[in-house]
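Below is one structure, written out as structure tokens; the observations come after it.
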Amino acid sequence: MAGAVSSYVPPPPSVLAAYAADPSLAVLHLDLREALEVALTSALLGVLPRDRPGR
């Protein structure tokens, strides 16, 4: 996971230029720590047993 996300952080110069040209694209910027946290949390919560009513 870290390897996949780290290829986007820091953004390449072309992406930084796109952010500068169109500030609305800044919402697409990935923060490495936050992206890893979300990915790992999603992966971990996806494997936790869940209480199923009626079972």
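The values are calculated or read from the model by the stated rules, or taken from the named source; none is laboratory data. In this text the structure is predicted, and so the values were computed from the model without any measurement. Methodologically, a virtual Cβ is constructed for each residue, glycine included, from the backbone with ideal geometry; neighbour enumeration extends over all protein chains shown.
Quick notes on this one:
- Top-ranked residue of the stretch 1-23 - restricted to ones that are over 18 Å from the mean Cα position of the chain (by Cα) and either among the polar types (S, T, N, Q) or not in a helix (DSSP H, G or I) (or both), ranked as modelled with the highest pLDDT: ASP22
- The number of residues in the stretch 1-39 that are of a type in the set (S, T, N, Q) and touching a helix residue (DSSP H, G or I) at 6+ places or on another chain (Cβ under 7 Å) comes to 1.
- For first residues located in the stretch 27-44 and in contact (Cβ under 8 Å) with a residue 40 or more places away in the chain, partners that are of a type outside the set (Phe, Trp, Tyr) and lie 6+ apart or on another chain with Cβ distances below 9 Å form the pairs ALA43/MET1.
- Exclusive hit being modelled with pLDDT under 85, of a type in the set (A, V, I, L, M) and part of a helix (DSSP H, G or I), set LEU44, LEU30: LEU44
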